[in-house]
Amino acid sequence: MNQLNYKKIPPLSLDEKINFFMEFYSYIKSSIPMTTCLTKIANSSQSRTVRQTASSILQLLDRKENFSTAILKFENTIGGAYCNLLATGSETGELPKITLDILNTLKKQRTTKRNIIKAGIYPAILLFLVFVFSMILILLIVPKVTTQAELMTDNLPLALKILKFINKCITHGWFIIIIALFILLPQIIKFFKTVWQKEYIIKLPVIGNVVKTYNISLFLKLFAMAYCAGIPAISAYLLASKSVSNNYIKNELLLCSPILEKQSISKTFEASGIFTPQIISNVEAGEMSGNIDEILKEISNDMDEHLDTVLSSALQALEPVLIIIAAIFILIFGYIIMGPANPFNYI
């Protein structure tokens with residue numbers, strides 16, 4: 001297999017990564033030979049991409065290439081941080097331990113994403129109900145109200161004219177609206193993915209705290225894993241920084257990476273402006289005591305717990321806001337619809 005072929009393998013999704021590392025760990029911990037392990041994954045995995053990945057690594061090994069060298073060629077597929085961790089684990093003899101750490105990290109990411117989705121279910125249901133209610137008003141109630149209002153006057157209120165126009169657009173152009181939605185939906189999804197990576201999302205009152213905490217938690221987890229595995233601090237820092245999903249936080253972290261070449265980890269964290277004073281203080285204490293490995297692990301675990309708390313708080317904060325928005329929306333619609341029934345509007 002040439003270099004071009006394995007570079008064409010698409011990136012594994014989060015679930016595919018979990019499945020790959022789960023199978024990989026189950027064989028590695030049992031001291032099964034690497035070639036046998038990859039052969040089983042290539043033959044048994046339900047994911048085509050996982051099978052391609054395992055088969056490609058296996059072919060490189062068949063060419064007498066070391067696993068630690070071969071795995072680094074799949075950074076675009078598996079992820080740079082994870083490939084470097086696997087390479088380090090292979091060289092130090094701690095591959096099963098590092099594989100398990102990666103697997104636990106990926107599972108935590110999946111749990112976090114599922115919690116974010118759960119947190120968004122209530123707002124999504126509320127918005128859906130508002131949409132359904134609006135369609136019922138526009139398609140069923142507005143025609144009747146406008147008919148009665150037109151019998152009373154030739155000059156309809158502006159709000160009712162707008163609703164009548166919307167009714168005609170939906171009634172006569174519903175197929176165009178559906179086609180437009182199919183065309184625009186991928187662009188809307190792409191837009192929200194882009195927004196997730198911007199600086200201003202960090203500054204939003206509720207959502208910003210979730211995004212920032214999630215990215216910091218991921219960075220600290222990967223940095224702790226890489227550093228404790230024996231990867232030099234600057235390399236571990238760069239690997240963890242590049243794995244962050246928010247571009248603003250990623251760039252801020254990368255801009256401070258040269259500081260780590262001359263100063264301590266705590267000074268680098270402080271210069272980034274991303275981390276809380278408590279995190280910086282804990283890292284500094286770990287450096288002074290010579291127990292930085294354990295401190296980094298404790299901080300990453302604490303951030304996982306803090307992230308769960310932030311998600312729960314965000315949901316509690318969003319509920320009353322969404323209820324108020326829905327109530328205002330219904331009141332406005334009620335006023336527009338019931339306004340024409342008020343005879344004083346036509347005096």
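The values are calculated or read from the model by the stated rules, or taken from the named source; none is laboratory data. Quantities reported herein were computed from a predicted structural model and do not represent experimental measurements. Virtual Cβ from ideal backbone geometry, glycine too; neighbours counted across all protein chains shown.
Within region 261-278, which residues are touching a residue at least 24 places away in the same chain (Cβ under 8 Å) and closer than 18 Å to LYS221 by Cα?
Across region 261-278, the qualifying residues are ILE265, THR268, ILE274, PHE275.
Can you tell me which of ILE41, ILE32 is out of contact with any strand residue (DSSP E or B) (no Cβ under 6 Å at 6 or more places or on another chain), among the aliphatic types (A, V, I, L, M), outside any helix (DSSP H, G or I) and free of Cβ contacts under 8 Å to residues at least 60 places away in the same chain?
ILE32
Scan region 86-132 for residues that are small (Gly, Ala, Ser) and not in a helix (DSSP H, G or I) and jot them down.
GLY93
Give me the residue from region 2-34 that is of a type in the set (Ser, Thr, Tyr) and at pLDDT 90 or above and, out of that set, surrounded by the most Cβ atoms within 10 Å (Cβ to Cβ).
TYR25
Given the options MET338, MET303, name the one that is out of contact with any Phe, Trp or Tyr (no Cβ under 8 Å at 6 or more places or on another chain), in the same structural domain as ILE121 (by TED's automatic domain parsing), crowded, with 19+ Cβ neighbours inside 10 Å and modelled with pLDDT under 85.
The conditions single out MET303.
Those residues that are under 14 Å from LEU12 (Cα atoms) and touching an Asp or Glu at 6+ places or on another chain (Cβ under 7 Å), I need them from region 36-68; list them, please.
Matches in region 36-68: SER45, SER47, THR49, VAL50.
So the check is Cβ under 8 Å with 6+ separation or different chains; which pairs have a first residue in region 294-317 that's within 16 Å of LEU222 (Cα to Cα) and a second one that's exposed (fewer than 15 other Cβ atoms within 10 Å of the Cβ) and hydrophobic (A, V, I, L, M, F, W, C)?
Within 8 Å, the pairs are ILE295/ALA285.
Going by the structure shown, is GLU319 more than 30 Å from ILE231 (Cβ to Cβ), among the charged types (D, E, K, R) and under 23 Å from the mean Cα position of the chain (by Cα)?
Answer is yes for this residue.
Looking at (1) at pLDDT 80 or above; (2) part of a loop (DSSP other than H, G, I, E, B), which is the only condition ASP154 fails?
(1)
So for region 213-227 (the condition being surrounded by fewer than 20 Cβ atoms within 10 Å (Cβ to Cβ) and over 22 Å from the mean Cα position of the chain (by Cα)), does at least one residue qualify?
Scanning region 213-227, I find no residue that is surrounded by fewer than 20 Cβ atoms within 10 Å (Cβ to Cβ) and over 22 Å from the mean Cα position of the chain (by Cα), so the answer is no.
Scan ARG114, ARG110 and give me the residue that is touching a Leu at 6+ places or on another chain (Cβ under 6 Å) and surrounded by fewer than 20 Cβ atoms within 10 Å (Cβ to Cβ).
On inspection, the qualifying residue turns out to be ARG110.
Can you find, within region 228-257, the residue that is surrounded by the most Cβ atoms within 10 Å (Cβ to Cβ) among those that are polar (S, T, N, Q) and assigned to a helix (DSSP H, G or I)?
SER241
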